[in-house]
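Comments concern the structure below.
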Amino acid sequence: PKGFKTIDVLSASEMARALDEQKSYDIFIGAAAVSDFTTQAKNLKLDSRKGPVDIRLETAPKILSHVQKKAFKVGFKAGYKLSPHDLINKAKDLAREHGLDMVVANDISKNVLGSDENEVHIIKKNEVIPTDRASKEDIAKIIIDHVVRF
């Protein structure tokens with residue numbers, strides 16, 4: 001986007017390294033769904049004639065733990081078939097664990113994956129703001145409005 005510095009990365013490790021290398025930034029919005037796991041690197045060609053292949057997963061870096069402490073931090077929490085109460089509590093846990101200023105939580109079981117619409121709960125220190133179902137573009141504007149007003 002115009003006026004923003006962007007850094008393209010392909011993996012959680014690259015994203016963590018890019019964050020570590022940045023000298024200063026004011027806001028971090030962790031909207032990417034970074035996997036908790038990655039595959040173990042192998043420097044060999046797999047031979048499909050030899051039968052099944054086992055894939056070993058390793059824990060990927062926790063991106064939020066690489067964000068500078070002084071930045072305004074927004075994290076995202078996706079839940080699946082959780083009550084609003086449970087979803088909000090999981091979002092608050094995430095905020096406490098990573099020192100987030102704001103968390104945007106949604107229930108992905110509500111037909112939002114691959115859709116142009118979503119509904120979220122915006123969780124700030126002592127406030128929970130639910131949104132109605134709206135376009136993802138409108139939800140993004142609501143999120144940015146809350147970041148600016150914080």
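The values are calculated or read from the model by the stated rules, or taken from the named source; none is laboratory data. Quick caveat, the model's predicted, so the values are computed rather than measured. Counting neighbours? That spans all protein chains shown, and the Cβs are built from the backbone with ideal geometry, glycine included. Areas reflect the complete protein model, heavy atoms only, side chains present, ligands, DNA and RNA absent. Shrake-Rupley method; radii C 1.70, N 1.55, O 1.52, S 1.80 Å.
Please go through region 66-89 and pick out each residue that is more than 24 Å from Met15 (Cα to Cα) and not hydroxyl-bearing (Ser, Thr, Tyr).
Lys81, Leu82, Pro84, His85, Asp86, Leu87, Ile88, Asn89
Can you pull out the residues in region 96-120 that are among the aliphatic types (A, V, I, L, M), touching a residue at least 12 places away in the same chain (Cβ under 8 Å) and open to solvent by 20 Å² or more (accessible area, probe 1.4 Å)?
Across region 96-120, the qualifying residue is only Ile108.
Kindly indicate the residue of region 121-131 that is within 14 Å of Phe150 (Cβ to Cβ) and in contact with a helix residue (DSSP H, G or I) (Cβ under 8 Å, 6 or more places away or on another chain) and also surrounded by the most Cβ atoms within 10 Å (Cβ to Cβ) among those meeting that condition.
Across region 121-131, the extreme among qualifying residues is Ile123.
Restricting attention to region 50-94, and to residues there that are open to solvent by 80 Å² or more (accessible area, probe 1.4 Å), outside any loop (DSSP other than H, G, I, E, B) and in contact with a strand residue (DSSP E or B) (Cβ under 8 Å, 6 or more places away or on another chain), which single residue is nearest to Ala31 (Cα to Cα)?
Per the stated criteria, the residue is Lys90.
Name every residue in region 132-150 that is of a type in the set (Val, Ile, Thr) and open to solvent by less than 20 Å² (accessible area, probe 1.4 Å), in order of residue number.
Listed by number, the residues that qualify are Ile139, Ile143, Val147.
Within the set of pairs 6 or more residues apart or between chains, which connect a residue that is of a type in the set (Ser, Thr, Tyr) inside region 121-133 to a residue that is surrounded by 14 or more Cβ atoms within 10 Å (Cβ to Cβ) and in a strand (DSSP E or B) with Cβ atoms less than 9 Å apart?
Going by the 9 Å Cβ cut-off, the qualifying pairs are Thr131/Asn118; Thr131/His121; Thr131/Ile122.
Please identify the pairs in which a residue from region 26-38 that is assigned to a loop (DSSP other than H, G, I, E, B) has its Cβ atom under 8 Å from the Cβ atom of a residue that is surrounded by fewer than 11 Cβ atoms within 10 Å (Cβ to Cβ), counting only partners at least 6 apart or on another chain.
Hits for this filter: Asp36/Thr59.
In this structure, does Ile63 turn out to be in contact with a helix residue (DSSP H, G or I) (Cβ under 6 Å, 6 or more places away or on another chain) and in contact (Cβ under 8 Å) with a residue 12 or more places away in the chain?
yes
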